[in-house]
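Nothing in this text is a laboratory measurement; each read-out follows from the coordinates by a stated rule. All values derive from a computational prediction rather than experimental measurement. So basically every Cβ, Gly included, is an ideal-geometry build from the backbone, and we count neighbours across all protein chains shown.
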């Protein structure tokens with residue numbers, strides 16, 4: 001099971017935009033005049049767009065400095081994260097239920113940086129049942145499907161081949177990234193895209209949210 005984070009498991013709406021604004025000022029001394037569309041994007045693709053819009057070279061050095069600032073900003077807000085965001089209904093219950101099975105491994109496919117992903121989940125104890133070491137993170141590519149590939153590669157190397165790979169997220173980008181690797185795509189309509197939009201993007205199943213644990217379990221385990 002490969003989980004997206006933002007607006008799938010947690011909601012930190014507005015926090016990412018603030019971190020981006022502060023990081024841009026710290027790295028290149030500019031105020032943020034252009035705000036990228038965050039939904040479904042990788043951190044690397046967002047930074048490339050942000051730098052381009054502000055006339056800044058998006059070379060590896062600039063990008064890595066920006067990543068370091070984002071990580072530092074998230075760490076500085078660590079104690080405040082439970083107040084800045086919330087765990088979505090059913091997130092804790094479904095992660096715990098899946099973790100109780102010996103035939104399921106859970107990790108992430110998220111546009112977030114690894115450290116930021118860990119902080120966002122740990123604020124609500126959601127990291128307990130997820131193996132963060134085999135996730136696909138937004139630092140590695142501008143293309144989300146590369147994150148799915150990375151997570152599959154790492155998980156297979158650690159645990160062996162899987163009967164199925166299920167990707168769960170709230171955007172069409174999550175769905176298409178899963179389909180690129182012939183994985184099962186499950187949409188969750190807790191973000192900015194409707195159930196219809198997720199279905200139209202090719203999701204094998206769409207859930208309104210994660211609140212009904214038995215229904216979510218059945219959906220995830222019977223693909």
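Working from label points 7 Å from Cα in the Cα-to-Cβ sense, the residue 76 to residue 211 distance is 3.7 nm. Projecting label points 7 angstrom from Cα along Cα→Cβ for residue 26 and residue 101 puts them 4.0 nm apart. Indicate the gyration tensor shape class of segment 15-81 (rounded, prolate or oblate), computed on the Cα atoms with a ≥ b ≥ c the square roots of the eigenvalues: a/c under 1.5 is rounded; otherwise a/b larger than b/c is prolate and the rest oblate. Judged from the Cα gyration tensor, segment 15-81 comes out prolate (a/c at least 1.5, a/b above b/c). Nearest 10 degrees is fine. How inclined is helix 144-159 to the longest principal axis of the chain, computing both from alpha carbons? On a 0 to 90 degree scale, this one is about 60. Summing -39500 (n - 2.57) over the DSSP H runs of n ≥ 4 in the chain and dividing by its residue number, what mean residue ellipticity at 222 nm do you reach, to the nearest 500 deg cm²/dmol? Calculated from helices alone, the mean residue ellipticity at 222 nm is -14000 deg cm²/dmol.
Where a ≥ b ≥ c are the square roots of the eigenvalues of the C-alpha gyration tensor, would you call segment 113-223 rounded, which needs a/c under 1.5, or, failing that, prolate if a/b is larger than b/c, or oblate? It comes out rounded by the Cα gyration axes. Would you look at the GNM of the chain, springs on alpha carbons closer than 10 Å, and say which of 11, 146, 103 moves the most? Largest GNM mean-square fluctuation: 103. For the chain, set up a Gaussian network in which alpha carbons nearer than 10 Å are linked by springs, and say which option among 44, 101, 192 fluctuates the most. The residue with the greatest mean-square fluctuation here is 101.
Note on residue 221 and residue 17: the model spin-label points, each 7 Å out from Cα along the C-beta direction, lie 4.0 nm apart. Rounded to the nearest 10 degrees, the angle from helix 15-28 to the longest Cα principal axis of the chain is 40 degrees. The length gained on full extension between residue 34 and residue 181, counted as 0.36 nm times the residue separation minus their Cα-Cα distance, comes to 49.7 nm.
Using the Cα coordinates of the chain, the gyration tensor eigenvalues translate into equivalent-ellipsoid semi-axes of 29, 18, 17 Å, sorted from longest to shortest.
Given their separation in residues at 0.36 nm each and the Cα-Cα distance between them, residue 197 and residue 128 gain 21.7 nm when the chain is fully extended.
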